[in-house]
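Since the structure comes first, as structure tokens, the remarks are kept for the end.
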Amino acid sequence: MELKEQIQNLAQAYFEEIRAIRRHLHQNPELSFQEFNTSNYIASILEKEGIEYERNWVKTGIVATIMGQKPSGKITAIRADIDALPIQETNEVPYKSCNDGVMHACGHDVHTASALGAALILNDLRDEWAGTIKFVFQPAEEKLPGGASLMIKEGLFERHKMQSIFGQHVQHDLPEGKVGFRPGKYMASCDEIYLTVKGKGGHGALPHNLVDPVMITAQILVALQQVVSRQAKPLTPTVLSFGRIEANGATNIIPDKVELQGTFRTYDEEWRDQAHLKITEIATGIAQSFGGNCEVDIRKGYPFVFNDEDLTEKAISWAKDYMGAENVVDLEMRPTGEDFSFYGHHIPATFYRLGVANFEKNITSSIHTSTFDIDEKALVTGAGLMAFLALKKLDS
Ligand code: NI
């Protein structure tokens with residue numbers, strides 16, 4: 001039997017086991033950097049299967065290794081993030097979260113169950129393939145500075161010399177049975193912007209005696225949009241949004257300060273650094289010109305996700321071979337962030353989307369909502385395709 005067929009059969013055969021893993025994870029979600037029980041659970045499955053693994057990467061991370069029986073210097077990797085979000089689940093399902101206020105609302109339970117499923121399949125087929133596959137179970141995708149950056153800092157690439165890495169993410173509006181890819185730039189870098197505009201508060205009827213930070217803020221907000229519309233290259237998508245402004249005055253009280261919080265996203269590391277400077281110059285310059293000042297605190301988040309073109313084009317053709325061309329779609333660029341990006345700035349990486357929607361069953365809620373759920377049949381593809389891509393990469 002062809003290897004592809006063997007993987008497809010095993011993915012089906014392991015469906016209930018993979019679903020049980022997903023449900024266990026879903027019921028027992030843990031927040032970023034606190035995934036201790038999750039880590040124990042992943043280790044217990046690897047242990048049971050006799051798969052070699054290392055613990056204590058960034059405390060809760062795990063790197064597992066499966067070597068094919070035939071020798072080869074080739075090493076590829078599969079990454080799954082393991083953390084959950086601070087959201088109270090409102091789905092009434094048998095596998096509803098048991099941890100109040102914590103929920104796998106971003107599908108990381110699906111990513112982890114799929115990676116473990118791929119490990120079960122690849123371990124069974126060890127006699128059939130050559131090379132080494134690493135499984136990176138990574139903590140804290142949802143929280144800066146991101147588990148990926150910390151695992152890399154702890155020496156991931158020095159201790160495990162992987163030459164490429166695959167990651168997948170659920171997509172709530174793509175039907176189960178389909179996957180999506182995008183070569184090149186895919187997701188945006190994301191930085192948090194905190195501005196504190198300071199003036200001199202007082203009675204709203206006597207503005208000539210004051211330095212009004214509310215008016216300064218208005219000028220800054222409008223002027224900063226020119227970073228996006230006039231300074232960014234038209235071919236480099238850029239977003240600057242402010243979602244929180246706090247001016248704690250009243251109808252007749254001008255406050256001493258105004259605080260703003262926003263997000264900056266783009267797809268070019270050089271421009272990202274320049275834009276940070278521009279934002280700082282404009283905000284402080286405008287505040288000073290009106291007699292106030294502005295403190296600027298930019299917290300750098302994740303870099304943009306770059307999908308290695310060659311690896312991704314190959315992965316697209318392998319995915320078409322595995323599941324039929326009609327089930328492999330092209331993705332648009334997506335200005336959300338993802339710490340998988342850190343891997344791709346070191347080694348060839350590809351991050352693709354796993355369809356988990358089912359429109360007939362009304363499973364369409366977005367990620368990061370209290371009603372997010374998946375059609376669990378997606379786990380068959382989640383595990384099987386990942387295993388197939390890894391083996392095709394080793395074989396290429
Ligand atoms: Ni996520």
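No value in this document is a laboratory result; all are computed from the given coordinates. Everything quoted here is computed from the prediction, not taken from an experiment. Heads up, the Cβs are rebuilt from the backbone with ideal geometry, glycines too, and the neighbour counts pull from every protein chain shown.
In vacuum, with every alpha carbon of region 1-119 counted as one equal point scatterer, what does the Debye formula give for log10 I(q)/I(0) at q = 0.09, 0.11, 0.18 Å⁻¹? Two decimals, please.
Values, matching the q order: -0.28, -0.41, -0.98.
Which net charge results when you count Lys and Arg as +1 and Asp and Glu as -1 among the other residues whose beta-carbon is under 9 Å from that of residue 83? The partial results should precede the final answer.
Details: positive: 143; negative: 30, 35, 81, 141, 142.
Every neighbour counted, the sum reads -4.
When the gyration tensor of region 120-193 is built from Cα positions, what are the square roots of 5 times its three eigenvalues, in whole Å, from largest to smallest? Walk me through the numbers on the way to the answer.
On the way: eigenvalues 133, 94, 29 Å².
Each semi-axis is the square root of five times an eigenvalue, giving 26, 22, 12 Å.
Quote to one decimal, in nm, the extra length available between residue 72 and residue 44 on full extension: 0.36 nm per residue of separation minus the C-alpha distance between them.
7.2 nm
Please list the non-local residues whose amide H lies under 5 Å from the amide H of residue 352, H modeled 1.01 Å from N, same-chain partners needing a gap of 5 or more.
Amide H to amide H, under 5 Å and 5 or more residues apart or across chains, residue 352 pairs with 167, 168, 169.
Over every pair of different alpha-carbon atoms in region 189-302, take the mean of 1/r and invert it; report that Kirkwood radius in Å. Could the numbers behind the result be given before it?
Numbers: mean 1/r = 0.0690 Å⁻¹.
Mean inverse Cα-Cα distance, inverted, gives 14.5 Å.
Which value results when the Cα radius of gyration for the chain is divided by 2.2 N^0.38 Å?
Working: Rg = 23.8 Å, N = 396, 2.2 N^0.38 = 21.4 Å.
Taking N as the residue count of the chain, the ratio is 1.11.
Just to confirm the filter: which GluC sites (Glu not before Pro) across region 284-349 are DSSP coil and have at most 15 other Cβ within 10 angstrom of their Cβ?
Numbers: sites: 295, 309, 313, 326, 332, 338; in loops: 332, 338.
Those satisfying the criteria are 332.
Given 162, 298, 15, which one lies farthest toward the positive end of the charge dipole of the chain, if we put +1 on the Cβ of every Lys and Arg and -1 on the Cβ of every Asp and Glu?
298
Could you tally the net charge around residue 338, taking each other residue with its Cβ under 12 Å from the Cβ of residue 338, Lys/Arg +1 and Asp/Glu -1? Let's see the in-between values first.
Numbers: positive: 79, 265, 334, 353; negative: 81, 141, 142, 339.
Net charge in that neighbourhood comes out at 0.
Could you list which residues have their amide H under 5 Å from that of residue 96, counting only those 5 or more apart in sequence or on another chain, with H placed in the peptide plane?
Under 5 Å from the amide H of residue 96 lies no amide H from a residue far enough along the sequence or on another chain.
Suppose we take every Cα in region 210-253 and form the convex hull; what volume per residue is that in Å³? Present the calculation step by step, with values, prior to reporting the outcome.
Working: hull volume 2.9 nm³, N = 44.
With only Cα atoms used, region 210-253 gives 67 Å³ per residue.
May I ask for the Rg/Rh ratio of region 257-329, computed from Cα atoms with Rh as the Kirkwood radius, given to two decimals?
1.31
Which angle between 0 and 90 degrees, to the nearest 10, do you get for helix 269-289 versus the longest principal axis of the chain when only C-alpha atoms count?
20
If I take all pairs of Cα atoms in region 157-250, what percentage of them are more than 18 Å from each other? Don't jump to the answer; show the numbers that get you there.
Values: 3022 of 4371 pairs.
Counting every Cα pair in region 157-250, those more than 18 Å apart make up 69 percent.
Which value, in debye to the nearest 20, gives the size of the charge dipole of region 278-358 about its Cα centre, when Lys and Arg are +1 and Asp and Glu are -1 at the Cβ? Before the final figure, lay out the partial values.
Working: 7 positive and 13 negative charges, 45 e Å.
For region 278-358, the charge dipole is close to 220 debye.
Residue by residue, what Karplus-based ³J(HN,Hα) values in Hz, rounded to whole numbers, does region 365-374 have, using 6.51, -1.76 and 1.60 with θ = phi - 60° and x for Gly and Pro?
After applying 6.51 cos²θ - 1.76 cosθ + 1.60, I find 5, 6, 4, 6, 10, 6, 10, 4, 7, 10 Hz.
Work out the length of the dipole vector of the chain about its Cα centre, built from +1 on the beta-carbon of each Lys and Arg and -1 on the beta-carbon of each Asp and Glu, and round it to the nearest 20 debye. Walk me through the numbers before you get to the answer.
Details: 39 positive and 53 negative charges, 135 e Å.
Dipole of the chain, to the nearest 20 debye: 660 debye.
With n ≥ 4 as the cut-off for DSSP H runs, can you work out [θ] at 222 nm for the chain, using -39500 (n - 2.57) per run divided by the number of residues, rounded to the nearest 500? Can you show the working numbers first?
Values: 11 runs with 138 residues, N = 396.
So the calculated ellipticity at 222 nm is -11000 deg cm²/dmol.
Order the peptides 25-38, 246-259 from the highest to the lowest mean number of other Cβ atoms within 10 Å of their residues.
Values: 25-38: 20.6, 246-259: 16.0.
In descending order of packing, they fall as 25-38, 246-259.
Under the √(5λ) rule applied to the eigenvalues of the Cα gyration tensor, what semi-axes describe the equivalent ellipsoid of region 275-396? Give them in Å, descending. The partial results should precede the final answer.
On the way: eigenvalues 322, 91, 25 Å².
Each semi-axis is √(5λ); the values are 40, 21, 11 Å.
How do 351, 15 line up, fewest other C-beta atoms within 10 Å first? List each step's numbers first, then the result.
On the way: 351 24, 15 17.
Listing 351, 15 from fewest to most nearby Cβ atoms yields 15, 351.
Would you work out the charge dipole size for region 250-396 about its Cα centre, treating the Cβ of every Lys and Arg as +1 and the Cβ of every Asp and Glu as -1, and quote it to the nearest 20 debye?
Dipole about the Cα centre, nearest 20: 200 debye.
Using the 10 angstrom Cβ neighbour count as an exposure proxy, how do 299, 23, 353 rank, fewest first?
Details: 299 11, 23 17, 353 21.
Fewest-to-most Cβ neighbours within 10 Å comes out as 299, 23, 353.
Would you mind checking 48/377; 314/377; 59/153; 4/392; 134/300 for any pair whose Cα atoms are more than 18 angstrom apart? Could you put the intermediate results ahead of the total?
Details: 48/377 24 Å; 314/377 25 Å; 59/153 13 Å; 4/392 10 Å; 134/300 29 Å.
Over 18 Å apart, Cα to Cα: 48/377; 314/377; 134/300.
Would you kindly derive the ³J(HN,Hα) couplings of region 162-174 from the backbone phi angles with the Karplus curve 6.51 cos²θ - 1.76 cosθ + 1.60 (θ = phi - 60°), listing them in order in whole Hz, with x for Gly and Pro?
Values, residue by residue: 6, 9, 6, 8, 10, x, 10, 9, 4, 10, 6, 10, 10 Hz.
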